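Just below is one structure, and these are the notes that go with it.
The values are calculated or read from the model by the stated rules, or taken from the named source; none is laboratory data. Computed from a predicted structure; not experimentally measured. We place every Cβ from the backbone using ideal geometry, glycine too, and count neighbours over all the protein chains shown.
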Amino acid sequence: MTVPVFLFDLFAALAVASALAMVLNVRNTVAAAMSLVVTMVALAVIYLLLEAHLVAAIQIMVYAGAIVVLFLFVVMLLNLRSDDFAPGRARLARLAGALLGVFTVGEVVRRSGALPAPPALPPGFGGYRAVGIALYTDYVLLVEMASLLLTAAIVGALILAKRKID
Amino acid sequence: MIVEVVIKSLFILLVVVAALAPVITWIERKQSAVMQDRIGANRADIGGITVLGLLHPMADVIKLLSKEDVVPFGANRVMHLIAPLVAATPAVIAYAVIPYGGVYHFGDYTLSLVAANPDWGLLYIFAIGSIATYGTVMAGWASNNNWSLLGGLRASAQMISYEVTMGLSVVGVFMVFQTLQLQNMCLAQDTTFRVFGFLQHLFGVPVPQWLDWIRLPAWGLFYQPLAFIMFLTTIMAENKRPPFDLPEGESELIAGYFVEYSGMRFGLFFMSEFIEVVVIAGLITTLFLGGWSVPYLSTQTIVGAIKPVFNEGFANGLCIILHFLTFMLKVVVMIWVQMLLRWTLPRFRYDQVMDLCWKIILPLSIANIFVTGFAILLVRGQP
């Protein structure tokens, strides 16, 4: 087993374990959020092993560093306690989740034997230059659409948050 | 390869964490004492020898290690215990990508004095910096104390806001140097530029010969003065030291997020703040002050002058010593500037902190990106 494969296995196991810890810790919201951070960091390491350096850095900056901090901020602001979550409400959701999980694991096991060899990567693959050039030439329309969506979301949030608009 | 990385990492840990950070606590005490017309720390002694109070960091550590480690009643024990580690780790590992020396060639062996030099070095620093929030937030929440919870809340809002502006404020710098790799940034700053060269690009007339002699080091500070001020402000706010110490706010929150910490766990929060001061100084040196480069004396000049007299190895060895000392000097100056600001400015009000971030620095940094883009287009003729 080579070092990258070993690291991949290690961090994949960590990602799955911390994701499970998040779901099982649902009563303790802060602990669940911290488990989510561990999942995000483990995923970032996996992206690194896949040569996607920019995505790895952004994964940590945006997901681990910003979004989960906002979750924590809201949780701490509302000071949620464990008895705020009534159990047994989401039986159907649990059933669906369990089925989906079993299906996913089955599919991974079924296909893991016959994976194609990875293609050779062009130089600079996954770096900020390659991703930036791709984003602002081939996918510029999608980038602009996403920015429009985000602007609309910001305006919407402002309108919701302001009592009086003058 | 591995051995080289280990040696470089050990060097950083020994110089920065084990040596410089404790000395900073002493510098801070002495500097504040000088500024407030006091004598400052001078009592700790071994057999009557006080060495200007330099033994105080040692006495502090002995005191903190021998104190009782209290976990408050009702606290989340696990999180309370690991929060100081989560706070201290990012501060230490952020240093991995900051170069403390240049690139040297010994025959066919190339030595680059930086522990890790990834293509996306600056993004690594930002990623690590965004993780640093968790130690504070965990400590604030896990202590089961209203003051620390408020401190954690303030910290999370403040740090997440300033992360955005911190990233945007240095975009201009890496537009100028066209790289995110910190060693390459230092190499790009190891030269000079013509102060009045822009006249030629602006008006299309050749500049008189004698004006070409007025040159400045090609530092980020001179290319991006506004970015320098904004970056210094935002990164100091990220470190939560005065005037941005709202999460601690002694007058309102006792000590904020670490009220319930004692002994060496409190010491870890304390130390991580000082390690971050060194990281900030190193980062600002790298981005804005030319890193290890000696102003007006590029590596080629030094090597070219000494190589004919002695040999290449000696010239490079001299360069390494000179560059490392230059780097340390710049770092110490930036530490001094941070301490100066810390003891000069009073604490902001919380709404002022947020206004400064979102209403002043954010628009200015975006304007800076546009102006820089136009200037680059003008000078280089292409993006």
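Figures for the structure shown
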quantity: Breaking point among (1) buried (at least 20 other Cβ atoms within 10 Å of the Cβ); (2) at the interface with another protein chain (Cβ under 10 Å from one of its Cβ atoms); (3) closer than 24 Å to residue B:230 by Cα; (4) not aromatic (Phe, Trp, Tyr), for residue B:167; calculated: (1)
quantity: Answer residue from the stretch B:22-77, given it is among the acidic types (Asp, Glu) and surrounded by 12 or more Cβ atoms within 10 Å (Cβ to Cβ) and is nearest to the chain's Cα centre (by Cα) among those; calculated: B:28
quantity: The stretch B:195-213: number of residues that are assigned to a loop (DSSP other than H, G, I, E, B), closer than 19 Å to residue B:376 by Cβ and under 36 Å from the mean Cα position of the chain (by Cα); calculated: 2
quantity: Filter result (within 11 Å of residue B:151 (Cβ to Cβ) and part of a loop (DSSP other than H, G, I, E, B)) within the stretch B:245-272; calculated: B:245, B:246, B:247, B:248, B:249, B:254, B:255, B:259, B:260
quantity: Qualifying residues in the stretch B:178-194 (those that are assigned to a loop (DSSP other than H, G, I, E, B) and of a type in the set (Ser, Thr, Tyr)) - the one farthest from the chain's Cα centre (by Cα); calculated: B:191
quantity: Residue list for the stretch A:48-66, filter: touching a residue at least 24 places away in the same chain (Cβ under 8 Å) and crowded, with 18+ Cβ neighbours inside 10 Å; calculated: A:52, A:53, A:54, A:64
quantity: Scan of the stretch A:122-138 for residues that are in a loop (DSSP other than H, G, I, E, B), under 22 Å from the mean Cα position of the chain (by Cα) and of a type outside the set (A, V, I, L, M, F, W, C), ordered by number; calculated: A:126, A:127
quantity: Count of residues meeting criterion [among the β-branched types (Val, Ile, Thr) and surrounded by fewer than 15 Cβ atoms within 10 Å (Cβ to Cβ)] in the stretch B:180-228; calculated: 2
quantity: Within the stretch B:75-95, considering residues that are more than 14 Å from chain A (Cβ to nearest Cβ) and in contact with a Phe, Trp or Tyr (Cβ under 9 Å, 6 or more places away or on another chain), the one farthest from residue B:239 (Cα to Cα); calculated: B:84
quantity: Residues within the stretch B:86-112 that are under 23 Å from residue B:281 (Cβ atoms), of a type in the set (S, T, N, Q) and in contact with a strand residue (DSSP E or B) (Cβ under 9 Å, 6 or more places away or on another chain), tallied; calculated: 1
quantity: Meets criteria (in a helix (DSSP H, G or I), of a type in the set (A, V, I, L, M) and free of Cβ contacts under 8 Å to residues at least 12 places away in the same chain) for residue B:229; calculated: yes
quantity: Residue check for residue A:106: at pLDDT below 85 and farther than 30 Å from residue B:134 by Cα; calculated: no
quantity: Counted residues, the stretch B:295-320 - those being part of a helix (DSSP H, G or I) and without any contact (Cβ under 8 Å) to a residue 24 or more places away in the chain; calculated: 11
quantity: Residues (among the charged types (D, E, K, R) and at the interface with chain A (Cβ under 7 Å from one of its Cβ atoms)) located in the stretch B:119-161; calculated: B:119
quantity: Which numbered condition residue B:154 misses (of (1) among the basic types (Lys, Arg); (2) surrounded by fewer than 22 Cβ atoms within 10 Å (Cβ to Cβ); (3) within 30 Å of residue B:249 (Cα to Cα)); calculated: (2)
quantity: Residue in the stretch B:207-216 that is closer than 27 Å to residue B:338 by Cβ and touching a helix residue (DSSP H, G or I) at 6+ places or on another chain (Cβ under 8 Å) present; calculated: yes
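One line per residue, one yes/no per condition, for (1) more than 9 Å from every other protein chain (Cβ to nearest Cβ); (2) modelled with pLDDT under 85:
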residue	(1), (2)
A:40	yes, no
A:43	yes, no
A:47	yes, no
A:61	no, no
A:72	no, yes
A:78	yes, yes
A:92	yes, yes
